[in-house]
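Just below is one structure, and these are the notes that go with it.
The values are calculated or read from the model by the stated rules, or taken from the named source; none is laboratory data. Note that this is a predicted model, so its numbers are computed, not measured. We place every Cβ from the backbone using ideal geometry, glycine too, and count neighbours over all the protein chains shown. For the accessible areas, the whole protein counts, side chains as well, though only heavy atoms, and no ligand, DNA or RNA atoms are used. Shrake-Rupley method; radii C 1.70, N 1.55, O 1.52, S 1.80 Å.
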Amino acid sequence: MRFMFCIALAGLFSTSLFGVSAKDTLIVGYSEAPPFAYEEGGKLDGLNYRIWEELMEEGSYDYKYVSFSYKELLLALENGTIDVAITPLSITAAREAKFQFTTPYYASHGAVAVSVPSAWQKLGNSFRGLMNSNFLKGIFILILVIFFFGVVGWYFEWRHNTEHFRKGIAGVWDGVWWSAVTLTTVGYGDKAPKTVLGKIAALLLMFGGLVFISGLTAGIASNVAANEISNDFSALNHFKSVKVGTVTTSQIHDYLKTHFFKDVEVYSSLEEGLMALARNDIKGFMFDEEILRSEINLLALDEKLQILPIHYDAKFYGFGISNAHDSLPRILSKGIMKMRDDTDWQMLLHEYGLSDFNQ
């Protein structure tokens, strides 16, 4: 009698330990999201796969992997078609109302991918940076200064220095040429004043021109730098006024909707969106940085696309678990915390090109 009671108690314990019977098979869903979960050579790999496999080393039940699209994965987890999702899912209040999460295993943030500008585009951007009202005003003033001192220098010199400053229109041109060469500090020496008044005019031109040219050069450099910053999209607000893309049902999609991004194109997969960016159908693609970087590399788009140094929407990843399981989130969370405290954790992250958010 006692023997039968022990068997029944053991069966009850094994059933309640994970919320499923030891004979049942857990359905583990995933959607490819390198470097966290992806297929290579017909086999699963990635940080999340490695975490799950290590967690299951001490488990006493079976499980099998099933592939989904990202959108299908969330629906399957919500309606209980799968038991666990090991694709990186951002922990949000809206999602916690539909299914459960483990403790976070990784922290990330959103990033922006853009097309790499060609050499001609860079040249055009620099040229547009010059073509502004302040620059044009400076050039106009520079021409006036050259012409004014050229005429003044010619007027003082043409009677006494006909070798360098001829009569008439030709002499005026000699004066303008001398003024331009002097102002730009080229100093060919082919023309030089000999009279006192001519030399005084030359002194005023040289010292006044030195200050003016310095200011004009600084203004040009400032305009070009400002334009390059603008075209590098260093501010996230720039993308609120241009067409951007992201993956449907992702947290980044929710972020864009709630932060007043006006023109957002949603794609069913990361690959589809990045290929659209490479074709210049959109101006930027926004998603989690690590996944973006890995996907760009896998698609061999490194020379066409780049990730900007823009960080936003910090988030924490956890495994999603169906509401049908009561104790599984707690048990898996304990295993994840144990792994994170292990000295090999950083080595595991490094293996997939990752690092802790706070490092």
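For segment 254-268, the criterion of a residue being modelled with pLDDT under 95, of a type in the set (D, E, K, R), over 17 Å from Ser115 (Cβ atoms) and in contact with a Lys or Arg (Cβ under 8 Å, 6 or more places away or on another chain) is satisfied by at least one position.
A count restricted to segment 301-359 and to residues that are free of Cβ contacts under 8 Å to residues at least 60 places away in the same chain, open to solvent by less than 50 Å² (accessible area, probe 1.4 Å) and in a helix (DSSP H, G or I) stands at 1. Residues that are over 20 Å from Glu72 (Cα atoms) and out of contact with any Ser or Thr (no Cβ under 9 Å at 6 or more places or on another chain) within segment 242-260 comprise Val242, Lys243, Val244, Lys257, Thr258, His259, Phe260, listed in sequence order.
For the structure I just gave you, tell me whether His311 is of a type outside the set (D, E, K, R) and under 15 Å from the mean Cα position of the chain (by Cα). When the stated conditions are applied, His311 passes them.
Taken as a whole, the structure places Gly273 among residues that are buried (at least 18 other Cβ atoms within 10 Å of the Cβ), under 25 Å from Asp45 (Cβ atoms) and without any contact (Cβ under 8 Å) to a residue 40 or more places away in the chain. Across segment 282-293, not a single residue is classified as more than 17 Å from Gly110 (Cα to Cα) and surrounded by fewer than 17 Cβ atoms within 10 Å (Cβ to Cβ).
What about Ala10, is it modelled with pLDDT of 90 or more, exposed (fewer than 12 other Cβ atoms within 10 Å of the Cβ) and in a helix (DSSP H, G or I)? Here the answer is no, as Ala10 does not meet what is asked. All but one of (1) open to solvent by less than 10 Å² (accessible area, probe 1.4 Å); (2) under 26 Å from the mean Cα position of the chain (by Cα) hold for Pro104; state the number of the condition that does not hold. Of (1) open to solvent by less than 10 Å² (accessible area, probe 1.4 Å); (2) under 26 Å from the mean Cα position of the chain (by Cα), only one is false for Pro104: (1). Of all residues in segment 277-291, those satisfying the criterion of being more than 13 Å from Lys304 (Cβ to Cβ) and outside any loop (DSSP other than H, G, I, E, B) are Gly284, Met286, Phe287, Asp288, Glu289, Glu290, Ile291. Evaluation of Ala170 against the conditions (1) surrounded by fewer than 20 Cβ atoms within 10 Å (Cβ to Cβ); (2) under 46 Å from the mean Cα position of the chain (by Cα) shows that the sole unmet condition is (2).
Residues in segment 137-169 that are charged (D, E, K, R) and assigned to a helix (DSSP H, G or I): Lys137, Glu157.
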